[in-house]
Ligand SMILES: [Mn+2]
C-alpha cells in the first residue's frame with residue numbers, strides 16, 4: 001500500500017480519474033494526497049470539487065492540503081454563502097447581477113456557481129470544506145520525514161528549532177505565503193533540513209525549468225524538495241509535455257498519467273537555440289536526478 005502525492009489538477013477531472021484508476025490498477029489500497037489547486041483553469045472545476053468534498057477526509061484514502069486557488073476565494077465564497085441565494089433567486093437574477101458575481105474571480109469559478117445554480121447553502125458547504133483543510137500535512141514513512149504543502153513553508157513558520165507552528169495557529173500571512181510562495185527550481189527546503197517538502201504550485205513547464213530539459217514537465221527534485229506539479233491543465237493550451245504526476249512516498253517512485261518517451265518530447269524543438277546556448281553557458285552544477293539519488297539514500301539509513 002503506497003502514499004501518492006498528486007500534483008495540481010486544476011479542473012482536469014477526467015484526467016484525474018484516469019490517473020487514479022491507473023494507480024489503483026497496480027495498488028488497490030493506494031492513498032492519495034492532493035497538493036491543492038483542484039479548481040480553476042480547467043473545464044471541470046465543480047466536478048473536481050465535488051469529488052474532493054465527497055472523498056477527502058483528514059486521515060482517509062484521499063487527503064488534501066489547500067492551494068492558492070482555493071485559499072484566494074474564501075472571503076468571496078463566504079459572502080456568497082451569506083446572500084441566501086436559492087435556485088429560484090438565481091434563475092430570476094438579472095444579467096448585470098450575474099455578471100457582477102462572475103467577476104469576483106478571474107477564473108470563472110463564481111460564474112460557474114451562478115451557471116450551475118449553486119445555492120448559498122451549498123456554497124457554505126464548500127466554504128466549510130476549504131476552511132477544514134490543512135496548510136500542511138506531515139508524514140513519517142520508512143523513517144523519512146515528509147511535509148506536503150501547496151507551495152513552500154518559510155522559516156518564520158517555525159515555533160522552535162525543527163518544529164513548525166501547528167496548522168491551527170498559523171496566522172493569515174503565513175497561510176498566504178504557504179500557498180503562494182515561489183522559490184527558484186534548485187532551492188532546497190531550508191526551513192527543515194531533515195525533512196522532504198513535497199509541493200506543487202509552479203508547473204515544471206514554467207520558463208525557469210527550461211534550463212533542465214531532462215526534467216521539463218516531470219517531477220522535479222531539488223535537495224530536499226520535490227515539485228509534483230507537471231501542469232496537466234496546460235495540455236489544453238498546447239503544451240505537449242503537460243502531465244499529471246504523483247510521487248510515492250514509500251520509495252520516491254514517479255507516476256505519470258502520460259508515459260511519453262523523453263526523446264519524443266525533446267525532439268519537438270521546444271527549446272530555441274538561444275535557450276540552448278544559454279543552457280550551455282550556464283554550466284550549472286545542479287542535477288535534479290542527483291538530488292533524487294541523494295534523497296533515496298535517506299531510505300537506506
Ligand atoms: Mn498554485
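Would you work out the relative contact order for segment 71-132, in percent, from Cα pairs under 8 angstrom that are 6 or more residues apart? Present the calculation step by step, with values, prior to reporting the outcome.
Values: 56 pairs, mean separation 31.2, N = 62.
Rounded, it is 50 percent for segment 71-132.
Rounded to the nearest whole Å³, what is the per residue volume of the convex hull around the Cα atoms of the chain?
Working: hull volume 43.4 nm³, N = 301.
Spelled out: Cα convex hull of the chain, divided by residues, is 144 Å³.
Taking the highest mean first, how do the peptides 57-67, 101-111, 141-151, 37-47 order by number of other beta carbon atoms within 10 angstrom per residue?
Values: 57-67: 18.1, 101-111: 16.5, 141-151: 19.8, 37-47: 21.9.
The most tightly packed comes first, giving 37-47, 141-151, 57-67, 101-111.
May I ask you to give the average projected area over all directions of the convex hull of the Cα atoms of segment 71-132, in nm² rounded to one decimal? It would help to have the intermediate numbers written out before the result.
Values: hull surface 14.9 nm².
Computing the convex hull of the Cα atoms and averaging its projections yields 3.7 nm².
How would you rank 134, 287, going from fewest to most other Cβ atoms within 10 Å of each one's own Cβ? List each step's numbers first, then the result.
On the way: 134 19, 287 15.
Starting with the residue having the fewest Cβ neighbours, the order is 287, 134.
Once you have the Cα-Cα distance between residue 214 and residue 287, take 0.36 nm times their residue separation minus that, and quote the gain in nm to one decimal. It would help to have the intermediate numbers written out before the result.
Working: separation 73, 0.36 × 73 = 26.28 nm, distance 0.97 nm.
In short, 25.3 nm is gained.
Roughly what would the spin-label model give for residue 138 and residue 154, points 7 Å off Cα along C-beta, in nm?
2.2 nm
I need 135, 216 ordered by Cβ neighbour count within 10 Å, fewest first. Intermediate results must be reported in sequence, preceding the final value.
On the way: 135 25, 216 21.
Least crowded to most crowded, the residues run 216, 135.
Tell me the angle of helix 273-282 to the major Cα principal axis of the chain, expressed in degrees between 0 and 90 and rounded to the nearest ten.
Helix 273-282 sits at roughly 60 degrees to that axis.
Arrange the following residues from fewest to most other Cβ atoms within 10 Å of their Cβ: 78, 140, 122.
Details: 78 14, 140 10, 122 17.
Going from least to most buried by this count: 140, 78, 122.
Taking Cα atoms, how many degrees apart are the long axis of helix 45-55 and the longest axis of the chain, rounded to 10 and kept between 0 and 90?
Roughly 80 degrees between the two axes.
Could you give the spread of the C-alpha atoms of segment 155-232 along their three principal axes, from largest to smallest, in whole angstroms?
Principal extents (Cα only, largest first): 39, 24, 16 Å.
Distance from the Cα centre of segment 79-118 to that of segment 162-181, in angstrom?
Spelled out, the Cα-based centre of one part sits 31 Å from the other.
If one takes the longest principal axis of the Cα atoms in the chain, at what angle in degrees, from 0 to 90 and to the nearest 10, does the Cα axis of helix 120-132 lie?
The answer is roughly 30 degrees.
Laboratory data are not the source of any read-out in this text; all were calculated from the coordinates shown. Note that the structure is predicted; figures quoted are calculated from it, not measured. Glycine gets a Cβ as well: all are built from the backbone with ideal geometry, and neighbour counts include every protein chain shown.
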